[in-house]
Amino acid sequence: MKRVFSGVQPTGNIHIGNYLGALKQFVELQDENQCIYCIVDLHSITVPQDPRELRKHILDVAALYMAVGIDPEKSIIFVQSDVSGHAELSWILTCNSYTGELSRMTQFKDKSKGRESAPAGLFTYPILMAADILLYDSDIVPVGNDQKQHIELCRDIAIRVNNTVKKTFVVPEGRFLKAGARIMALDDPSSKMSKSAENIHSRISLLDDDGKIKKSIMRATTDSEGEIRFDPEAKPGISNLMNIYSAFSGESLEDIQTSYSGKGYGDFKKDLVGIVQEAMAPIKKNFNEIRETQELKDILTLGAEKAGAIAEKTMKRVKENFGLGF
Ligand code: ATP
Ligand code: LTN
C-alpha cells in the first residue's frame, strides 16, 4: 500500500478549483492507499488571520473533507498544528534549504510582489509543506498544478538530506489530474480560481446555493466568437468552462465539442449550471449534517493521534540521523 498525503488551507470557502484539482483525487485514492489528509492551519497564518474565523474555517474544511466523500474509517483526517512534528521537522529542513531556491518559488514572488519586505513565513512556506509530506514517508501527493514547483522543492530537499546526511526520507511524487489540475477564474480566465479573489463570481464555492451557481456561470467571461471549441490559448474562457464540464461529467473534451457543435454559449452554460448544481447538492447536504456535530471534533482528535504516532517514529529517525539529542 502506498502512503498518500495532502493538505488544504483553512482560509476561506473551498471552491470547485480546490475540489477538481485536489479533493476529488483525495477520494479516489483512499480505497487503495493509506491516505492522510491534513488541514494545514500553520500554513494559513503566513498571512494575517482572524483567530475566530480561522477556527471556524478549520472545522469547515474538516466537514467538507467528509462531505465530498473522505471516509474517516479509511483515511486519517487531522489538523496540522495538533502534531508538533510538522513545525519541528520544518526547522530541520530549513537548515537544509537555500534562500536561492526559495526565492525562485513563483507563489512567493506573486504573494510578495510590490512589497519591500515580506513575512518570513511566506518565504519559508514551501519548507513547511515539505515537512508535512516527508514526516509521513509519503509516496504520493495529490495537488493542483499550482503546487508543482513546491513538490519539486520537497523532492530536492529530501534527496539532498538523503545524500548529504543519511538516507532518511522517502522521495515523494506529485499527482495531478488532467481536467481539473488548473481551474481558472470565471471572470478572468488568465488567473487561477482563488479563495481570496474579491469578485465572488470569479469562483463557485462548494457551499454556494443554486442561484449563486447559476449567476456565476451565466456571467462567466467567454469570447465573441460563439463557437464551443477547446483552445486554451485563443479561447481561455470557454475552454475553462469546458474543462469544468468535463471534470464533473466525465465526458471528454472532444465529445463535448461534438455534442455542442452548432449550439451557442447560452445553451452550453445552461447545461453546465445543471451539472454543477447537481454535483454540489449532495456535498452541501452532507456538510450540513456533519458540521455542527461532536463527531466531527472526535474524528479530528482521533486523526491527530494516528498521525502523531506516525510522525513520532519519523522524528525519532530524523533526530538520530542528524545527531540531535542524546
Ligand atoms: P486559493 O488560491 O484558492 O486560496 P490555495 O492554492 O492558496 O487556494 P489551498 O486551499 O491549500 O491553497 O489549495 C488546496 C488544493 O487546491 C491544492 O492542492 C491546490 O493545488 C488546489 N487548487 C487551488 N486552486 C486551484 C485551482 N484553481 N485549480 C485546481 N486546483 C487548485
Ligand atoms: N501549499 C498547499 C497546501 C499544502 C499541502 C501540504 C499540499 C500544505 N502542505 C502538503 C500537499 C501536501 C496549497 O495548496 N497551497
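Just so you know, all these numbers are worked out from the coordinates, no wet-lab data involved. Quantities reported herein were computed from a predicted structural model and do not represent experimental measurements. Because the Cβ atoms are built from the backbone with ideal geometry, glycine has one as well, and the counts that use them run over all protein chains shown.
How would you rank Ile36, Ile76, Ile159, going from fewest to most other Cβ atoms within 10 Å of each one's own Cβ?
Fewest-to-most ranking of Ile36, Ile76, Ile159: Ile159, Ile76, Ile36.
Size of the dipole of the stretch 139-288 about the Cα centre, Lys and Arg at +1 and Asp and Glu at -1 on the beta carbon, nothing else charged, in debye to 20?
Roughly 660 debye for the stretch 139-288.
Could you work out how much longer the chain between Glu292 and Ser103 gets when fully extended? Use 0.36 nm per residue separation minus the Cα distance between them, nm to one decimal.
Here the segment from Glu292 to Ser103 would lengthen by 63.9 nm.
What does the extension gain come out to for Ser81 and Asp255, with contour length at 0.36 nm per residue minus their alpha carbon separation?
Answer, rounded to one decimal: 58.1 nm.
Could you give me D for the stretch 60-113, from Stokes-Einstein at 25 °C and 0.890 mPa s, where the hydrodynamic radius is the Kirkwood radius over C-alpha pairs? Units µm² s⁻¹, please.
Reported coefficient: 171 µm²/s.
Report Rg (one decimal) and Dmax (nearest whole number) for the chain, counting Cα atoms only, units Å.
20.6, 74
Dipole magnitude of the chain about its Cα centre, charges +1 at Lys/Arg Cβ and -1 at Asp/Glu Cβ only, in debye to the nearest 20?
700
For the stretch 145-291, what mean projected area does the convex hull of the alpha carbons give, in nm²?
The directionally averaged projection comes out at 11.7 nm².
Among Ile256, Leu324, Thr222, whose Cα lies farthest out toward the positive end of the dipole of the stretch 175-326, if unit charges sit on the beta carbon of Lys, Arg (+1) and Asp, Glu (-1)?
Leu324
What residue among Ala247, His86, Tyr265 has its Cα farthest toward the positive end of the dipole of the chain, where the charges are +1 on Lys, Arg and -1 on Asp, Glu, each on the Cβ?
His86
Among Gly274, Asn18, Ile204, flag the residue with its Cα farthest along the positive direction of the charge dipole of the chain, charges on Cβ as +1 for Lys/Arg and -1 for Asp/Glu.
Checking the options against the dipole of the chain, the answer is Asn18.
On a C-alpha basis, how far is the centre of the stretch 33-54 from the centre of the stretch 69-112 in Å? Whole number, if you could?
The two parts, judged by their Cα centres, are 10 Å apart.
Of Lys113/Lys195; Lys178/Lys215; Lys109/Lys269; Lys215/Lys284; Lys2/Lys166, which sit over 29 Å apart, Cα to Cα?
Lys109/Lys269, as the Cα separations exceed 29 Å there.
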